[in-house]
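Chemist: Pasting a structure here, questions to come.
Coordinate-derived values only; no laboratory data. Small disclaimer: the values here were computed from a predicted structure and weren't measured. Cβ atoms come from the backbone with ideal geometry, glycine included; neighbour counts cover every protein chain shown.
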Ligand code: 13P
């Protein structure tokens, strides 16, 4: 089964609202000729509604960086899937390693958020990844299996088909140290095998698995050419429209 590339920019806690509007506008104009690659941007909550207006009618899609699993209520600082949906978000990034490291995200809360996102008809981008210590300690496979199995607990096969996975080795995020093409490929092949163990080969072959962690214009083509790499979740290089353009153009050429 041929999988479409999905290139998503995770802007994290960067860009004011006015800066976000400018960046989104630049990306919309650079993505005009893109036909076969999904281009997604995830601004801050504060900027998301304005960015949604800028990208309306274009082939750039909106993601939020997180979501709460409750519908509404006394959850200071959080936003709900209905709020995301109303402004036109199509994707929600869930379980980013920064959420796991700094904000008490667990496999259980990831699972609650994944189910909530799917129930609203939106698509989760489920982030998994190991620390350097875990990789060096021989725990790579057990850590990734637990994260993937945890995220998909009680998720139906039909819903699993609507998910995207982002493999982001923690040691490669924001460090400039990128996984080699072979390291990323081998690990993503393993992640796909875990999906296959849960849902069977057909689902595993259709789920898009992105690579994330210091993906840049100069290493994107090599990574994206790997069999089990179906896109990128990009931090730093997504904040400059020319760099982000280089990456989604590389995917478009390969696609
Ligand atoms: P960098 O591309 O800055 O390493 O960030 C990757 C990432 O965490 C995307 O979610």
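Chemist: Using the number of other C-beta atoms within 10 angstrom as an exposure proxy, rank 254, 23, 122 with the fewest first.
Modeler: 254, 122, 23
Chemist: Right, something else. Mean separation of Cα pairs under 8 Å and 6+ residues apart, divided by the residue count of the chain: what relative contact order is that in percent?
Modeler: 22 percent
Chemist: Still on this structure, I have one more. Can you give me the pair-distance distribution of the range 1-77, C-alpha pairs, 5 Å bins, whole percents?
Modeler: 3, 15, 25, 21, 16, 11, 6, 3, 1
Chemist: On to the next question. For the range 94-194, what ratio Rg/Rh do Cα atoms give with a Kirkwood hydrodynamic radius?
Modeler: Checking Rg against Rh, the ratio lands at 0.96.
Chemist: Where both partners of a DSSP beta bridge lie in the range 1-116, what percent of those bridges are antiparallel, to the nearest 5?
Modeler: Roughly 0 percent of the DSSP beta bridges within the range 1-116 come out antiparallel.
Chemist: A further question follows. Most mobile of 131, 117, 187 per a Gaussian network model of the chain (Cα springs, under 10 Å)?
Modeler: 131
Chemist: Does a label point 7 Å from the Cα of residue 190, set along Cα-to-beta-carbon, have any residues of the range 149-163 with amide nitrogen under 16 Å, and which are they?
Modeler: 149-150
Chemist: Taking 2.2 N^0.38 Å as the expected size of a compact globular protein, what ratio does the Cα radius of gyration of the chain give against it, to two decimals?
Modeler: 0.93
Chemist: Among 245, 102, 75, rank each residue by its count of other Cβ atoms within 10 Å, from fewest to most, as a rough exposure measure.
Modeler: Listing 245, 102, 75 from fewest to most nearby Cβ atoms yields 102, 75, 245.
Chemist: Specify the residue with the greatest mean-square fluctuation among 213, 77, 236, computed from a Gaussian network of the chain linking alpha-carbon atoms under 10 Å apart.
Modeler: Ranking 213, 77, 236 by mean-square fluctuation puts 77 first.
Chemist: So for 215, 13, fewest C-beta neighbours within 10 Å to most, what's the order?
Modeler: 13, 215
Chemist: For the range 137-255, what is one quarter of the convex hull surface built on the Cα atoms, given in nm²?
Modeler: So the Cα hull casts an average projection of 7.5 nm².
Chemist: How far is it, in nm, from the label point at residue 72 to the one at residue 85 when both lie 7 Å from their Cα along the line to the Cβ?
Modeler: Label-label distance for residue 72 and residue 85, simple model: 1.3 nm.
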